[in-house]
Amino acid sequence: MSKQLRELQARKSDLVKEARALTDIAAQENRDLSDEDVIKFNALKGRIEATSAAIDRESALISEEVQMGTHSGSGSGLGSGSGSSLSPGYSGMLVSDNRELDPKHGFQSLGDFLQNVCHAQKPGNPIDDRLLIGSGRGAAAPASFGSEGSGQDGGFFVPPQFSKEIFQLSLGEDSLLPLTDNVEISGNTMAFPKDETTPWGTNGIRAYWQGEAAPAVTTKPVLGLSTLRLKKLMALVPTTDELLEDANALSTYLPEKIALSIRWKTNESILFGSGSGVPVGALNAGATVSVAKETGQATQTLLAQNLAKMIARLPNGSFANSVWIVNNDVLPALFTLPASSYTVDAACEPARITPVFGQIWPPTLPQIGSVGVIFDAGYGAASDVPAGIKSWIKLRVGSLYSHREEMATLSRGRIDPLPFVDGLLDGYRVSFI
């Protein structure tokens, strides 16, 4: 790049920044550009356009000079003397393979990449050079065993953009991986120091109320070391010949399916991993705390006391960062209350529901309508219906039958109240508050 072109580009950058500053100030003050600002902006715009035109001219000249083989590092043209010798400042041209800088490694899509992988793994087929970007050359033919150092024998390097897209898909709403700590390392292992002291203990870092000229009591750190080694998670993707022939279908179908499988396997390891070739799961770790069920509590049930005791066992200061992971099978127990946990007081009008002795209402959302009551109204058998209600039904049905012609002709007929007859229901009415 010539010195003159660099100066023009720097000048244009300064002008653009100055114009941007005018609009930013107006935006911060929640106003439009003033008349004075508009004049300044238009002047800067004209200078930017003029500089852009000068850059285009200089770039065109450099391009022509390169083609003629006479471009010099200082931006000068042909030499003043005769002959066809190059100017003293000629720097030549550098050519590089931009596919190495392309996050897709030159592939149009993930489907295009997978099709080339499938083609390359068949014996006798040539290997696309794009598959070797980032992994070196010298791929060996497929064998009965795998070796990461032998090309497709150990697999091809997935272009960064495709692997990133799949990884982002694996971090779905139900993924547990975002809830873990993320530590970037440069190798395959990492040694983590462990501080097993507590603020209320006698070792480690302690705080003191200092008396007059009183020294602090010396303590020793209690540190451990935990060495972790990275584990590999592999996704095996069986597919069909028909799907392999359609690059668009591969790009649409496989990333989501691969991400779903990775997400499920990762969640399983985070919770239940044994630590042998896989991560140690939370439920198999030494820090797991279990809460015993209540006395007499049936299996496969959940009580409010269980939740209260779980919360009580949280370490101090961890409540805000705590997460409750619950299986969908537990949701019915959360949304409904077992009949053994409450009693119905039918003697009151209206009737009321209260917890049984020793029970409390579970916590609910502090909003109207967060709790609902579903109940069956009526009588179990005809013999249980009181005589007063039976008499009311007979009188009402008899009245409707006597005026059946009128009720048949009036599509929206009104049933007149019968105070004397309706009074038979007064003893069975329930008032609502």
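The values are calculated or read from the model by the stated rules, or taken from the named source; none is laboratory data. As the structure is a prediction and not an experimental result, all values here were calculated from the model. Positions of Cβ are backbone-derived with ideal geometry, glycine not excepted, and every protein chain shown enters the neighbour counts.
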Those residues of the stretch 112-138 which are closer than 17 Å to residue 160 by Cβ and either more than 30 Å from the chain's Cα centre (by Cα) or modelled with pLDDT of 80 or more (or both) amount to 112, 113, 114, 116, 117, 130, 131, 132, 133, 135, 136
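Counting only residues that are touching a Ser or Thr at 6+ places or on another chain (Cβ under 9 Å) and within 24 Å of residue 50 (Cα to Cα), how many does the stretch 14-39 have? Explain how you work it out, then say what you get.
As a first pass, look at the stretch 14-39 and keep what is touching a Ser or Thr at 6+ places or on another chain (Cβ under 9 Å): 15, 26, 33, 37.
Now narrow it down to the ones that are within 24 Å of residue 50 (Cα to Cα): 15, 33, 37.
Looking only at that region, the number is 3.
Can you confirm whether residue 211 is outside any loop (DSSP other than H, G, I, E, B) and loosely packed, with under 10 Cβ neighbours inside 10 Å? Spell out how you get there, then give the answer.
Values: outside any loop (DSSP other than H, G, I, E, B): no; loosely packed, with under 10 Cβ neighbours inside 10 Å: yes.
Considered against the rule, which asks whether it is outside any loop (DSSP other than H, G, I, E, B) and loosely packed, with under 10 Cβ neighbours inside 10 Å, residue 211 comes out as no.
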Selection from the stretch 321-335 of residues over 30 Å from residue 181 (Cβ atoms) and either exposed (fewer than 11 other Cβ atoms within 10 Å of the Cβ) or at pLDDT below 75 (or both) yields 332, 335
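Restricting attention to helices (runs of 4 or more DSSP H) lying wholly within the stretch 228-326, give those where 2 or more residues are under 23 Å from the mean Cα position of the chain (by Cα) and hydrophobic (A, V, I, L, M, F, W, C). Steps first, answer last, please.
On the way: elements: 241-244, 247-272, 304-312.
Where helices (runs of 4 or more DSSP H) fall fully within the stretch 228-326 and carry at least 2 residues being under 23 Å from the mean Cα position of the chain (by Cα) and hydrophobic (A, V, I, L, M, F, W, C), they are 247-272.
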